[in-house]
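Report on one structure; see the data block that follows.
Please treat every number below as a calculation from the coordinates, not as lab data. All figures in this text were calculated on a predicted structure; none of them were measured in a lab. Backbone-built Cβ (ideal geometry, glycine too); neighbour counts: all protein chains shown.
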Amino acid sequence: MNEIKIAVLGSEGVGKSALIVRFLTKRFIGEYASSSECIYRKRLSVDGKQINLQLYDPCSQACEGKSTVNEQIHWADGFIVVYDISDRSSFLTAKAIVHLIRELHLRTAKRNVDSLIFLVGNKQDLCHVREVRREEGQCLAAESRCQFYELSAAEHHQEVALIFFKMVQNASLGSKAKERRRRPSGSKSMAKLINNVFGKRRKSV
Ligand SMILES: Nc1nc2c(ncn2[C@@H]2O[C@H](COP(=O)(O)OP(=O)(O)OP(=O)(O)O)[C@@H](O)[C@H]2O)c(=O)[nH]1
């Protein structure tokens, strides 16, 4: 069975967990508790192939055993780099992450990552307080040769699911020969995810 590892990266509060939870549970959870980085696992069938998917959700706060961005990049087969359209600084962070991914993959002569980086502008529902124009996202994606999406984890289930499926599809095309690399610490089952979702309070929208 194919194993695909996807890292969802971006600065604090851009909606990384919200996107993952939306994909896994179809629900938008406004309050999500997580004080450690974690890996969610899901089995799915893509193009007739059974895939063991691992989704890495980093923790923005300092936590014990936290992996570095470099380790996260080395671990993953594909990257969903998220920014918040109502927060310009998160766009700059996303830009830096995309450049770092390209640089590290170039330096280690890994396979072509063009189809394996998606730039995602989240919180489209907050367009009345938008700080990053859609064209800026498109422009960054074009110059970084990655795919661009703008959406809202709060409002769009199908779009979110499509992005994850597309990424899995792209990653599964070139994953066979890939060596297994060090994984970030922490692993989460659906039971723990449900605990996080219904357990503690952390942030408000
Ligand atoms: N309006 C709106 N709020 C959103 C959306 N996605 C996430 N949020 C809110 O943004 C806040 C941060 O969401 P998280 O999913 O915790 O963001 P994160 O990137 O995982 O944050 P860290 O784990 O701290 O890095 C929460 O209050 C969410 O409810 C969205 O599409 N629209």
Report summary line: Karplus-derived 3J(HN,Hα) from phi for the range 122-131 (6.51 cos²θ - 1.76 cosθ + 1.60, θ = phi - 60°), whole Hz, x at Gly and Pro, runs 9, 6, 4, 5, 9, 5, 5, 10, 4, 10
Query raised in the report: Expressed as a whole number of Å, what is the distance separating the alpha-carbon centroids of the range 4-52 and the range 77-136?
Result: 16
Requested in this report: Report the FRET efficiency, 1/(1 + (r/R0)^6), for residue 46 and residue 148, where r is their Cβ-Cβ distance and R0 is 30 Å, rounded to 0.05.
Outcome: 0.90
**Report entry** Nonlocal amide H pairs with residue 84, under 5 Å, H built at 1.01 Å
**Finding:** 90, 91, 122
Query - FRET efficiency for residue 155 and residue 106, using Cβ-Cβ distance with R0 set to 25 Å, rounded to 0.05 - result: 0.10
Query raised in the report: Taking H as built 1.01 Å from N, whose amide H comes closer than 5 Å to the amide H of residue 154, not counting residues under 5 places away?
Result: 123
Query - Among beta bridges that DSSP assigns inside the range 1-103, antiparallel share in %, nearest 5 - result: 45
**Report entry** Ascending count of other beta-carbon atoms within 10 Å, so fewest first, for 68, 25, 93
**Finding:** 68, 25, 93
Query raised in the report: Quick one: length gained pulling residue 126 to residue 96 fully straight, 0.36 nm per residue minus the C-alpha distance?
Result: 8.5 nm
Report task. Add +1 for every Lys or Arg and -1 for every Asp or Glu among the other residues with Cβ under 15 Å from the Cβ of residue 162, and state the total. Result -> -1
